[in-house]
Amino acid sequence: MSDESAPDTKKGPLSDLRILDLSRILAGPTCTQLLGDLGADVIKIEKPGAGDDTRTWGPPFVKAPDGQETSESAYYLCANRNKRSVTVDVASPEGASLIRELAGHCDVLVENFKVGGLVKYGLGYEDLRALHPRLIYCSITGYGQTGPHASKAGYDVMAQGFGGIMSLTGAPEGEPMKVGVGIADVMCGMYASTAILAALRHRDKTGEGQHIDLGLVDTQVSWLINEGTNYLTSGKVPQRRGNQHPNIVPYQVMEAADGHVIIAVGNDSQYKRFCQFIGVAELAEDPRFAVNRQRLANREELIPLLEAAVRKIAKQDLLEGLGKLGVPAGPVNNLQEVFDSDQVAAREMRVRMAHPLAGPEGVELIGNPTKLSATPVTYRRPPPYLGQHTAEVLSELLGAQGYEKARASGALGVMTERNKD
């Protein structure tokens, strides 16, 4: 509900939308950053004097021009670009009143308080729906708004454990293993952004807002994908297989003479070419291994034979030779190799933005993977420092007098010299 009457394609396809972001940590901020990359005006509401918890989750921190660490952690940077930071004491009556007023200038509100956490401030969905019936209100919690676990706090690792992905991840003989990044949070944020776009489409047709209820655990369960459906179909609880695939053999990491490679043989003809290349053509003709169904049944016999052959060949020779034969194979890159790769450069997945607290080089961020031909994503604002846009946003939406009223009321908490500007 920004002031433009139609989207500005130079700013992104969502440039006519304004998001009131009361979320923090990763799931909600991932959602709102994606919407911001697509052009939405995202107003990030933060607790005065503290802000998003992730601001302190370092090192590493952004370095100032003199080389000293600033207040901005790399973790905070990862999910907060294209936003404006406004500090409001939501827990105070004055701050809650200000949020209700700001919601009337926004299309979407995103929050990840515990179930009922905002109701006590008069900021629950029903409270705001009565005032702003067109508002889309997205709640992100650990277990959703209903069910026996609804009151429990939600954390990424808890969702990974409860939702089953840890039981599938890790070496067969090792302990259950979480994914190396907060993937339950990130995927929940992705589902949230999709749900918001669907709700906006509904509002376009009916004028009606609605409540979106997302739980980390629900979204975690949803992306069990083939393993989840394997269980529902067979009734057999899947076991951890490390880097092996539950339905395809060979499809895993293997050790070459000088490192590791990924071998992803997707069909029987690829398997035959793979065996010929690594010097064990007889394993392609052996009836125990000739077709994938048999390879699955005899996995424990086959894999050691293939691994022994692969260990004799250099990594680059494997990648180049199998590539020429149309057999899928790839490297296992570390993050330096990822971000230095020509593919990442070509796809603009490493971006640099100016930052008010950083040196002349600014900050480097991970790019948005969405490629839109007519309305590309934009990188308009670096992740803001705490309260950077309080005066700007409130003056813009409420007028100069509205800003001064909010400031005088104490709704903004204690203002620092930096965010008074």
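The values are calculated or read from the model by the stated rules, or taken from the named source; none is laboratory data. Only a predicted model underlies this, so the values are computations on that prediction, with no experimental measurement involved. Note that we place each Cβ from the backbone using ideal geometry, even for glycine, and neighbour counts take in every protein chain shown. Remember, those area values only see protein heavy atoms, side chains included, never the ligands or the DNA or RNA. Shrake-Rupley method; radii C 1.70, N 1.55, O 1.52, S 1.80 Å.
Please identify the trypsin sites (Lys or Arg not before Pro) of segment 336-421 that satisfy two criteria: DSSP loop assignment and at most 16 other Cβ atoms within 10 Å. Which are they?
Qualifying residues, ordered by number: 347, 371, 380.
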DSSP-defined beta bridges in the chain - what % are antiparallel, rounded to 5: 40
Built amide H within the under 5 Å cut-off of residue 349, gap 5+: none
Highest-MSF residue in the chain out of 83, 11, 236 [GNM, Cα springs under 10 Å]: 236
Relative contact order (percent, whole number), the chain, Cα cutoff 8 Å, 6+ residue spacing: 20
Extreme residue, positive dipole direction of segment 337-421, given options 376, 356, 414 (C-beta unit charges): 414
Residue order for 119, 310 - accessible surface, 1.4 angstrom probe, largest first: 119, 310
Helix-only mean residue ellipticity at 222 nm for the chain, each DSSP H run of n ≥ 4 adding -39500 (n - 2.57), per residue, nearest 500: -11000 deg cm²/dmol
Under Karplus coefficients 6.51, -1.76 and 1.60, residue-wise ³J(HN,Hα) of segment 80-91 in Hz, glycine/proline x: 9, 6, 6, 9, 10, 8, 10, 8, 9, 7, 4, 6
299, 311, reordered so the largest accessible area comes first (probe 1.4 Å): 311, 299
Cβ crowding within 10 Å averaged over residues, with 120-132, 58-70 ranked highest first: 120-132, 58-70
The chain: angle of helix 299-310 to the longest principal axis, Cα-based, in degrees nearest 10: 90
Degrees between helix 93-103 axis and first principal axis of the chain (Cα, 0 to 90, nearest 10): 70
Dipole of the chain, positive direction: furthest Cα of 112, 164, 95, with charges on the beta-carbon: 164
Value of Rg/Rh across segment 297-421 [Cα atoms, Kirkwood radius]: 1.28
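Looking at this model, which pairs from 11/405; 152/178; 205/371; 120/405 are more than 30 angstrom apart at the alpha-carbon?
Check vs 30 Å cut-off fails for 11/405.
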Given charges at beta-carbon only (K, R positive; D, E negative), |dipole| of the chain in Debye: 560
Signed unit charges on C-beta, dipole axis of the chain, positive-most listed residue 306, 242, 225: 225
Rh by Kirkwood over Cα pairs, then Stokes-Einstein D for segment 36-140 at 1.567 mPa s and 4 °C, µm²/s: 85
Karplus 3J(HN,Hα) series, Hz, for segment 314-321 with 6.51 cos²θ - 1.76 cosθ + 1.60 (x for Gly, Pro): 5, 4, 5, 5, 4, 5, 6, x
Solvent accessible area, Å² - residue 320, 1.4 Å probe, full protein context: 100
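Tell me the Kirkwood hydrodynamic radius of segment 251-339 in angstroms, computed as one over the mean inverse distance between distinct C-alpha pairs.
Value: 13.2 Å, from the Cα pair sum.
Taking the Cα centre of segment 38-162 as origin and charging only Cβ (+1 Lys, Arg; -1 Asp, Glu), how large is the dipole, in debye to the nearest 20?
That gives a dipole near 240 debye.
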Per residue accessible area of the chain, 1.4 Å probe, in Å²: 49
Residue-level accessible surface for residue 57, protein heavy atoms, 1.4 Å, Å²: 110
GNM top mover of 165, 43, 278 - the chain, alpha-carbon springs below 10 Å: 278
For residue 256, residues with placed amide H under 5 Å, excluding near neighbours: 261
Enclosed volume per residue, in Å³, of the convex hull spanned by Cα atoms of segment 212-273: 149
Percent carbon-and-sulfur accessible area, the chain, ignoring ligands, DNA and RNA, probe 1.4 Å: 54
Dipole in debye (nearest 20) - segment 88-190, about Cα centre, beta carbon charges: Lys, Arg +1; Asp, Glu -1: 220
Largest to smallest principal axis extent of the C-alpha atoms in segment 349-405, angstrom: 43, 33, 14
Whichever lysines have a C-alpha closer than 26 Å to that of residue 315, once near sequence neighbours (fewer than 8 apart) are set aside: 272, 324
Kirkwood hydrodynamic radius over Cα pairs of segment 122-182, then Stokes diffusion coefficient at 10 °C and 1.306 mPa s, in µm²/s: 111
Positive minus negative residues near residue 310 (Lys, Arg vs Asp, Glu; Cβ under 11 Å): 0
With all protein chains modelled, accessible area of residue 156 [1.4 Å, Å²]: 20
Value of Rg to Rh for the chain (Rh from inverse mean 1/r over Cα pairs, i.e. Kirkwood): 1.05
